[in-house]
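Please read the structure below before turning to the comments.
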Amino acid sequence: MENDVLRIAGKEFHSRLIVGTGKYRSFQEMARAHEASGAEIVTVAVRRVNLTDRSKESLLDYIDRSKLFILPNTAGCYSADEAIRTARLGREVGLSNWVKLEVIGDEKTLFPDNFELVKATEVLAKEGFVVMPYTNDDLISARRLIDAGAAVVMPLGAPIGSGLGIQNPTNIRIMREMITQVPLIIDAGVGTASDSAFAMELGADAVLMNTAIAGAQDTVLMAQAMKNAVVAGRQAFLAGRMPKKLYASASSPVEGAVR
C-alpha cells in the first residue's frame, strides 16, 4: 500500500483522508485530531480565518504546514462571483492556489448550486487554480465540472453535517465507473468509520470530512478510527470482494464422498 498514492494535479499524497478545521471545542483539540487522523490535506474556510491581524490567535497557528497541505474553501458563498472573490483572497494572502470550491444553493440543506459552481470553476481554472468542487452525486454535473477544468469532483454522500452516511450508493458506483480522468472524493455526510470504509469500498479515491470527527465525543479516537477505516475500505476495494449470493455453496464437493 506504500505505493498506492492519491494524485491531484501532479501532487502526491499517501493519506486518502482529508479533514476540516471547523466545530472543534478548541484549536488544541483540532491539532490533536489532525495528528491522529494521519491526514495530509486540511481544509480551511477563508471567510472564517483572521487573515489581517496576525497579532491575534488564529487556527492557522495550530496547523503544522510542514506536515499538512492547506486547502482553502469557499464555505458560505452563494454565487459564483462570491466564490471567485473568496478563492482569490485565499491565494493573495498566501494560503494556496488550490481551492475546495463551494457554491451553496440552499441555506437550510447546504446543497450546492451546480449552475453557479460550473461558472466559478471555469473562471478559476483559467486563472491557474486547482479547483476541487463540492457537488451533488450526479454524473452529468460532474462531467460539466470536469469540462470546466475541475481537478477532482467531490460528490456529497449525504447533506453536509447530517452524518447519515452514503445515501445513494448507486449514483456513486455509476460515477466511479464513468469518471476516470480525475479523482473522485466523497465530501459530506460521513458520520462514523463504517461510512468512510463504505465510501472507499465503492471506489472513492478519498473521503473528506469535518463534523464526523469534530462532533464526536472523543475527537482524537474518532480521527484514528477514520484513518483506519479509509485504509481498510481502500484495501477491500483493491482486493475485490467476493460475489454476493442468496445462500452459500458447499466449499467441498459432496458427490462421491464417503458416508
*Using heavy-atom solvent-accessible surface (probe 1.4 Å) with all chains present, what is the largest-first order of ILE174, ILE8?*
ILE174, ILE8
*Theoretical gain in end-to-end length, ALA236 to VAL5 [0.36 nm per residue, Cα-Cα removed]*: 81.6 nm
*asked:* If you build the convex hull over the alpha carbons only and average its shadow over all orientations, what do you get for segment 146-216? Give it in nm² to one decimal.
replied: 4.5
*Could you sort TYR247, TYR78, TYR24 by accessible area so the largest value comes first, with the probe set to 1.4 Å?*
TYR247, TYR78, TYR24
*By how many degrees, 0 to 90 and rounded to 10, does the Cα axis of helix 80-92 deviate from the longest principal axis of the chain?*
80
*Note the angle between two axes, namely the Cα long axis of helix 139-148 and the longest principal axis of the Cα atoms of the chain, as a number of degrees from 0 to 90, rounded to the nearest 10.*
40
_Using the basic label-point model (7 angstrom from Cα toward the beta carbon), what is the PHE115 to ARG143 distance in nanometres?_
2.0
*asked:* Per residue, how much accessible surface does segment 141-222 expose to a 1.4 Å probe? Answer in Å², no decimals.
replied: 37
*Under 17 Å from the Cα of LYS100 - lysines, other chains or at least 8 residues apart*: LYS11, LYS119, LYS126
_As I understand it, the value is the acute angle between the Cα axis of helix 169-178 and the longest principal axis of the Cα atoms of the chain; what does it come to in degrees, rounded to 10?_
80
*Compute the distance in nm between two label points, each set 7 Å from the Cα along the Cα-to-Cβ direction, one at ARG32 and one at GLN217.*
1.6
*asked:* Using a probe radius of 1.4 Å on heavy atoms only, what accessible surface per residue do you get for segment 37-134? Whole Å² is fine.
replied: 47
*asked:* As a test of understanding, state the convex hull volume per residue of the chain from its alpha carbons, in Å³.
replied: 158
*Farthest toward the dipole's positive end in the chain, which of ILE186, ALA75, VAL220, given Cβ charges of +1 (Lys, Arg) and -1 (Asp, Glu) about the Cα centre?*
VAL220
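The values are calculated or read from the model by the stated rules, or taken from the named source; none is laboratory data. Only a predicted model underlies this, so the values are computations on that prediction, with no experimental measurement involved. Backbone-built Cβ (ideal geometry, glycine too); neighbour counts: all protein chains shown. Surface accessibility is based on the protein's heavy atoms, side chains included, excluding ligands, DNA and RNA. Shrake-Rupley method; radii C 1.70, N 1.55, O 1.52, S 1.80 Å.
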